[in-house]
């Protein structure tokens, strides 16, 4: 991912068994140094447009389609605060099926009832029960009918949701994302170039792209 080219590095004292000297270091990307969108951009939805992920599209596919540049996949993720792509981005179809079988063990179990949800119920134009509430099987309500001048019982308002439907709805919910509009990409790029480099100063500072941890073994 192009994003990681901008992430500065950090030298840790080597803990490898084959290290030849106690002064050796292992160099890694400092993943704690993470870019973010400027607050004035992130808090203003006029900078973004809605997008629905299609099929097995990856972040780089979306970046190519929107920006004409697949290396801006990090911007697609950053715009939606996606940290763990494996959990927060829709799975490819085969991977989704594999996940279902691992979780529910077999195909028949996918058709088992996961829970029940309410269906919308209106009376004289007023919504008494909204759709989508988690309810018990056979859920009903009683309410006062002013014309009959007594309480009446509603029809059964519960709908079964299978394991597959439950997981599919969760997965599809990840498909609705926000995309930073093209005209603001340069602003974010400039911000990242300012944020990512280390500021000079402190014992660990080596240069704008590198810090080095203290190696206590050198002082033992």
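Computed from the coordinates by the stated procedures, all read-outs in this text should not be read as laboratory data. Computed from a prediction, not measured in an experiment: that's the story for all the values here. Heads up, the Cβs are rebuilt from the backbone with ideal geometry, glycines too, and the neighbour counts pull from every protein chain shown.
Using Cβ contacts closer than 10 Å as the measure, can you line up 73, 172 from fewest to most? Spell out each step's value before the answer.
On the way: 73 21, 172 12.
Starting with the residue having the fewest Cβ neighbours, the order is 172, 73.
Using 1/(1 + (r/R0)^6) with R0 = 30 angstrom and r between the beta carbons of residue 9 and residue 178, what's the FRET efficiency to the nearest 0.05?
On the way: r = 31 Å, r/R0 = 1.02.
Here the calculated transfer efficiency is 0.45.
Arranged from highest to lowest average of other beta-carbon atoms within 10 Å per residue, in what order do the peptides 54-64, 137-147, 176-186 appear? It would help to have the intermediate numbers written out before the result.
Working: 54-64: 16.5, 137-147: 11.6, 176-186: 14.8.
Highest to lowest by the protection proxy: 54-64, 176-186, 137-147.
If I model a spin label at residue 112 and residue 94 as a point 7 Å from the Cα along the Cα→Cβ vector, what separation in nanometres do I get?
Result: 2.8 nm between the two label points.
Pairs of Cα atoms under 8 Å, at least six residues apart: use those to get the relative contact order of segment 105-169, whole percent. Before the final figure, lay out each step's value.
Working: 108 pairs, mean separation 24.8, N = 65.
Taking the mean separation of contacting Cα pairs over the length of segment 105-169, I get 38 percent.
Which of the three applies to segment 66-220, rounded, prolate or oblate, going by the alpha-carbon gyration tensor with a ≥ b ≥ c and a/c under 1.5 meaning rounded? Before the final figure, lay out the partial values.
Working: a/c = 2.81, a/b = 2.27, b/c = 1.24.
It comes out prolate by the Cα gyration axes.
With the crude spin-label approximation of a point 7 Å out along Cα→Cβ, what separation in nm comes out for residue 133 versus residue 210?
So the two model labels end up 6.3 nm from each other.
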